[in-house]
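Input: a single structure, listed below in structure tokens.
The values are calculated or read from the model by the stated rules, or taken from the named source; none is laboratory data. Just so it is clear, the model here is predicted, and its values are computed rather than measured. Positions of Cβ are generated from backbone atoms using ideal geometry, with glycine treated the same way; all protein chains shown enter the neighbour counts. All accessible areas refer to the heavy atoms of the entire protein, side chains included, with ligands and DNA or RNA removed. Shrake-Rupley method; radii C 1.70, N 1.55, O 1.52, S 1.80 Å.
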Amino acid sequence: MVELDTIKRLVDNLFFDYDRLSSSGQETLNKLSDLLGIEYPTDKELLAMGLPKEELAMAHKIIKARKENK
């Protein structure tokens with residue numbers, strides 16, 4: 001389903017601004033990603049998406065926060 005794939009991609013893209021979301025925005029984004037079955041990317045996948053290596057630590061912080069807020 002094209003629309004669902006588009007929604008998943010857009011929700012996943014919001015994680016690049018995770019630290020700028022309010023706590024309720026982060027919680028909502030976490031719930032949406034869980035409902036959509038969005039997986040946590042590996043370091044290799046993050047780098048392949050263009051994330052600078054020096055920002056991996058921030059990505060790990062975001063992923064950890066997502067896991068803790070489930």
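Structure above, values below:
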{"item": "Output for the range 13-27, where each listed residue is open to solvent by 50 Å² or more (accessible area, probe 1.4 Å), touching a helix residue (DSSP H, G or I) at 6+ places or on another chain (Cβ under 8 Å) and part of a helix (DSSP H, G or I)", "result": "14, 19"}
{"item": "Identity of the residue in the range 28-42, at pLDDT 85 or above and not aliphatic (A, V, I, L, M), that ends up surrounded by the fewest Cβ atoms within 10 Å (Cβ to Cβ)", "result": "37"}
{"item": "Test for residue 39: is it outside any helix (DSSP H, G or I) and acidic (Asp, Glu)", "result": "yes"}
{"item": "Enumeration of residues in the range 43-70 that are basic (Lys, Arg), part of a helix (DSSP H, G or I) and open to solvent by 50 Å² or more (accessible area, probe 1.4 Å)", "result": "44, 53, 61, 64, 67"}
